[in-house]
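Quick notes on the structure that follows.
Just so it is clear, none of the values below were taken in a lab; they were calculated from the coordinates. All values reported here derive from a predicted model rather than from experimental measurement. Heads up, the Cβs are rebuilt from the backbone with ideal geometry, glycines too, and the neighbour counts pull from every protein chain shown.
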Amino acid sequence: MQIDLKTYRLTDPGKLGMIALVVGILGLLVSILGFTSDRTQFFYSYLVAFVFWTSIGLGGLFFTMLHHLADAKWSMVLRRISESVMSTLPLMGLFAIPLLFGIHDLYHSSHADVMATDELLKAKEPFLNQAFFIIRTVGYFVIWSLLTFFLFRNSVKQDSVHSDKLTAQWRRVSAPGMILFAVTSTFAAFDWLMSLDPHWYSTIYGVYMFTGGFLAAISFIILSASYQRRQGILKEEITIEHYHDLGKLLFGFLVFWAYMAFSQYFLIWYANIPEETVWFLDRWENAWKSLSLLMIFGHFAFPFLALLTRGAKRSVVWLSVMSCWILFMRWVDIYWLAMPTLHEHGPQFSWIDLSTMCGIGGIFIWYCWRKYTSHPVLPVNDPGLKESLEFVNN
Amino acid sequence: MSSATEHHDPNCLVTGNPTFESITESVSCIPESRTPLAWKIMFSISASLALGLFCLIGYLFWEGVGVWGLNNPVGWGWAIVNFVFWVGIGHAGTLISAILFLLRQRWRTAINRFAEGMTIFAVICALIFPTIHVGRAWVIHWTLPIPNQMGVWPNFRSPLLWDSFAVGTYFICSFLFWYVGLIPDLATLRDRAKTRIRKIIYGLFSLGWRGGNRQWRHYELTYLILAGISTPLVLSVHSIVSTDFATAQVPGWHTTIFPPYFVAGAIFSGFAMVMTLSLIARKVFNLTHIITKKVLERMNMIMLLTGMMVGYAYSMEFFIAWYSGNIYEQFAFVNRAFGPYAWAYWIMISCNVLVPQIFWFKKLRNHLVVMFIASIFINIGMWFERFVIVVTLARDFLPAAWDYYSPTWHDIGLLIGSFGLFFTLFLLFMRFLPIVAMSEVKGILPQADPHKSGEHHG
């Protein structure tokens with residue numbers, strides 16, 4: 001891998017894209033086999049993988065808009081990474097299409113006979129019906145794609161023109177963009193995951209899903225930066241100081257995720273209303289208990305201690321290890337949210353879980369990397385870049 | 001703290017090109033000058049109201065909580081409304097002093113001292129209400145786990161007990177944080193003191209501060225650690241307060257978004273109060289060059305943000321109430337919006353969700369009169385938010401028990417009196433302590449940046 005230090009373009013983007021593409025295509029081919037052998041398992045596995053990668057893309061969108069809105073300078077050197085991550089959202093829109101064919105396999109409420117006999121679900125029909133589900137899913141991706149197209153196009157435009165207008169423009173878009181993001185990501189979480197169990201509800205669910213997704217996106221950004229560092233790219237530009245700040249952000253959102261998860265669990269446990277506790281009982285009174293415990297220790301306690309110290313946040317190697325771990329836990333989280341509907345008695349891992357993750361993930365990484373390498377890897381013309389390059393924690 | 005390497009243009013934070021000396025002068029002269037007449041007038045009004053508060057509390061102890069407008073479904077009434085309101089106000093202070101510090105938001109230096117002071121006074125006001133609400137305030141120490149010969153312990157499962165821990169911890173930490181921040185400035189006042197008594201008192205409280213290099217090093221480390229400790233408190237305290245409601249099975253109270261929703265609301269209301277107070281203070285004490293419009297504008301942006309978070313929570317509650325299919329849950333919300341308290345609900349929505357929308361416009365968020373009026377509206381709206389949550393309980397599961405809750409003169413008096421106490425404490429603070437963190441403001445001056453030395457000022 002090589003970089004032209006004048007233009008900050010990668011003259012040789014390396015093999016990563018090719019490897020990811022091959023893994024992706026193989027994964028998808030194997031997943032098609034999965035579809036023919038076990039249709040329901042396929043759709044559940046596919047849903048988990050789809051939500052996992054989409055939530056990373058959404059986290060990238062949030063990171064970029066937050067960066068613009070807060071007028072942040074330290075994160076300028078990371079902007080192209082987060083922009084590439086968010087630019088996968090239109091691609092994820094394509095990956096949503098197979099999902100629409102699996103509505104019957106996934107969502108209990110899409111069965112007419114169930115809706116006819118279940119009084120509670122009948123009351124929810126204005127929301128829980130197939131047509132509206134499809135309209136909403138299409139709507140989310142249209143909104144996300146428009147936001148990412150605009151923000152990415154303007155950002156790239158800045159490389160060739162000097163203009164203050166661009167900065168003002170993307171701030172003007174990011175502000176209402178945040179509102180759209182809040183509404184759409186919440187309802188996407190309700191639609192894709194919460195309605196797997198159509199009786200159950202929780203007002204914090206949308207925020208919970210957002211927090212986990214942002215956590216995964218930070219991990220993904222750390223890994224992208226450290227991968228380049230190992231290849232000798234952007235070593236001087238993305239310094240330990242930036243990793244330290246990413247580490248703080250990772251740590252902060254880890255605690256915030258735990259706060260959301262605890263709020264949800266604790267209030268439901270305490271009030272002990274059967275129609276709410278049933279959801280947690282499904283994840284506790286059987287073999288799912290092991291995954292629930294893994295969530296407490298693996299998604300919070302262990303990474304909390306592992307990222308607590310200053311030294312941990314300033315070690316690129318350690319931060320990368322923890323990012324891998326958190327991404328793994330993110331997958332466990334989504335698996336834990338979705339799968340108990342299918343496997344009621346305990347987790348049953350399937351090869352389709354792996355193939356769909358690799359399939360969508362390979363294409364995701366390939367596309368993300370392609371977007372990243374086809375433009376300068378730093379926003380070279382941004383007036384804030386200098387400050388970001390010189391940034392020091394203290 | 002002293003960040004030499006951040007390259008903000010500090011001129012946008014402090015205007016009028018002040019020097020270290022002029023900052024000291026303009027802040028220190030407030031407690032050193034003669035007591036202004038306006039202060040005397042304001043103090044006598046608020047101190048009388050505070051006195052009224054204590055008289056009303058005395059009357060309450062004599063008569064019992066029957067003097068309030070409580071009825072059977074509404075067992076908490078205004079006391080809990082006021083408690084949550086005042087605790088919420090405090091949160092902006094901690095957010096500004098701790099979280100904005102950790103986020104390197106250096107514009108906070110203009111308002112942090114003030115906001116921290118406000119936190120402490122608001123928490124004092126807040127603590128009064130649960131204390132008097134227990135009915136037998138003389139045994140309030142029973143809320144603490146003190147070993148006793150009867151072997152009686154507080155009920156650790158009760159969120160009301162967690163409140164006393166959470167708010168108690170919050171008070172202690174906020175107070176320490178505020179005091180540690182004050183030390184260098186108290187030393188400045190001591191060194192400038194012209195009378196012996198001032199010298200002794202400020203000297204006592206500045207703990208022998210000499211401003212040496214080692215002292216600054218320790219001070220900055222302490223400050224950072226206290227900021228780290230206070231940061232989770234911003235979230236935990238109001239989360240615990242929200243569990244007072246959310247752990248119950250009552251429709252409209254039991255919902256999982258309550259903890260973050262309460263925290264966002266608390267920060268929102270607190271910023272509104274900081275705004276109200278700082279607009280008055282910068283005018284009265286001529287601090288317009290330190291509390292600049294830039295600072296005020298950013299506060300308005302935070303209010304816009306947190307106002308929208310509260311709006312998000314309102315709409316989630318409403319949507320999920322419908323989505324749950326639970327008729328009691330649905331009724332609770334329809335009743336809020338269209339029942340006998342619809343007027344309060346729509347005051348809440350208008351003040352908390354609609355009013356902050358004006359801050360989308362740069363002109364309006366830089367307009368002093370507009371932001372002053374908006375901050376007052378937000379304060380009102382946030383009080384009504386708690387009112388709506390507490391009082392719409394008047395229609396619970398049993399229609400036979402339905403009633404309309406109205407406050408008595410005593411309830412109203414307590415609320416007004418708590419404002420009196422708050423402003424009394426605040427005015428005393430303004431009179432005797434440096435209301436702007438001088439040492440921190442100096443840190444954001446251009447001449448504090450070693451990379452710029454030699455360019456000007458020296």
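Listed values, structure above:
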quantity: In region A:305-392, chymotrypsin sites (Phe, Trp or Tyr not before Pro) in a DSSP loop with at most 14 other beta-carbon atoms within 10 Å; calculated: A:PHE349
quantity: Rh (Kirkwood; distinct C-alpha pairs) - region A:273-339, Å; calculated: 13.3
quantity: Chain B, helix-only ellipticity at 222 nm - DSSP H runs n ≥ 4, -39,500 (n - 2.57), divided by all residues, nearest 500; calculated: -22000 deg cm²/dmol
quantity: Positive-pole candidate from A:THR117, A:PHE190, A:THR309, dipole of the protein assembly as shown, charges at beta carbon; calculated: A:THR309
quantity: P(r) weight above 25 Å for region A:278-394, C-alpha pairs, percent; calculated: 49
quantity: Residue-span extension gain [B:GLU21 to B:ALA137] - 0.36 nm each, minus C-alpha spacing; calculated: 36.8 nm
quantity: Debye log10 I(q)/I(0) at q = 0.33 Å⁻¹ for region A:43-89, Cα point scatterers; calculated: -1.10
quantity: Scaled radius of gyration (Cα, divided by 2.2 N^0.38 Å) that region B:24-101 gives; calculated: 1.66
quantity: Where chymotrypsin sites (Phe, Trp or Tyr not before Pro) fall in DSSP loop in region B:141-202, at most 15 other Cβ within 10 Å; calculated: B:PHE156
quantity: Loop-exposed GluC sites (Glu not before Pro) per DSSP, neighbour cap 15 Cβ within 10 angstrom, longest uninterrupted part of chain A; calculated: A:1-235
quantity: Modelled FRET efficiency - R0 41 Å, B:LYS283 with B:ILE197, Cβ distances, 0.05 increments; calculated: 0.85
quantity: Relative compactness, the protein assembly as shown, computed as alpha-carbon Rg over 2.2 N^0.38 Å; calculated: 0.99
quantity: For region B:327-384, projected area of the alpha-carbon convex hull averaged over all directions, nm²; calculated: 4.4
quantity: More than 20 Å apart - percent of Cα-Cα pairs taken over region B:150-218; calculated: 52
quantity: Qualifying trypsin sites (Lys or Arg not before Pro) in region A:1-50, DSSP loop, other Cβ atoms within 10 Å at most 14; calculated: A:LYS6, A:LYS15
quantity: 19 Å Cα-Cα reach of B:LYS293 towards lysines, excluding residues that sit fewer than 8 places from it in its own chain; calculated: B:LYS283, B:LYS362, B:LYS363, B:LYS442
quantity: Lysines with Cα under 24 Å of A:LYS15, excluding same-chain neighbours fewer than 8 positions away; calculated: A:LYS6, A:LYS235, A:LYS371
quantity: Lys, Arg +1 and Asp, Glu -1 on Cβ, resulting dipole of region A:259-394 about Cα centre, debye, nearest 20; calculated: 600
quantity: Förster-model FRET efficiency, 41 Å R0, A:GLU285 and A:ASN129, C-beta, rounded to 0.05; calculated: 0.85
quantity: Descending semi-axes in Å of chain B, equivalent ellipsoid built from Cα gyration tensor; calculated: 40, 26, 21
quantity: Per-residue Cβ neighbour rank within 10 angstrom, fewest leading, A:ARG283, B:ARG157; calculated: B:ARG157, A:ARG283
quantity: Amide hydrogen neighbours beyond the local backbone of A:GLN2, cut-off 5 Å, H modeled; calculated: A:THR11, A:ASP12, A:GLY14
quantity: Dipole magnitude of region A:2-389 about its Cα centre (Cβ charges: Lys, Arg +1; Asp, Glu -1), debye to nearest 20; calculated: 1560
quantity: Cβ-placed point charges (K, R +1; D, E -1), dipole of region A:54-186 about Cα centre in debye, nearest 20; calculated: 700
quantity: Where Rh is the Kirkwood radius over Cα pairs, Rg/Rh for region A:2-389; calculated: 0.97
quantity: Where the Cα pairs of region B:216-304 fall when distances are cut into 10 Å bins, in %; calculated: 15, 27, 32, 19, 6, 0
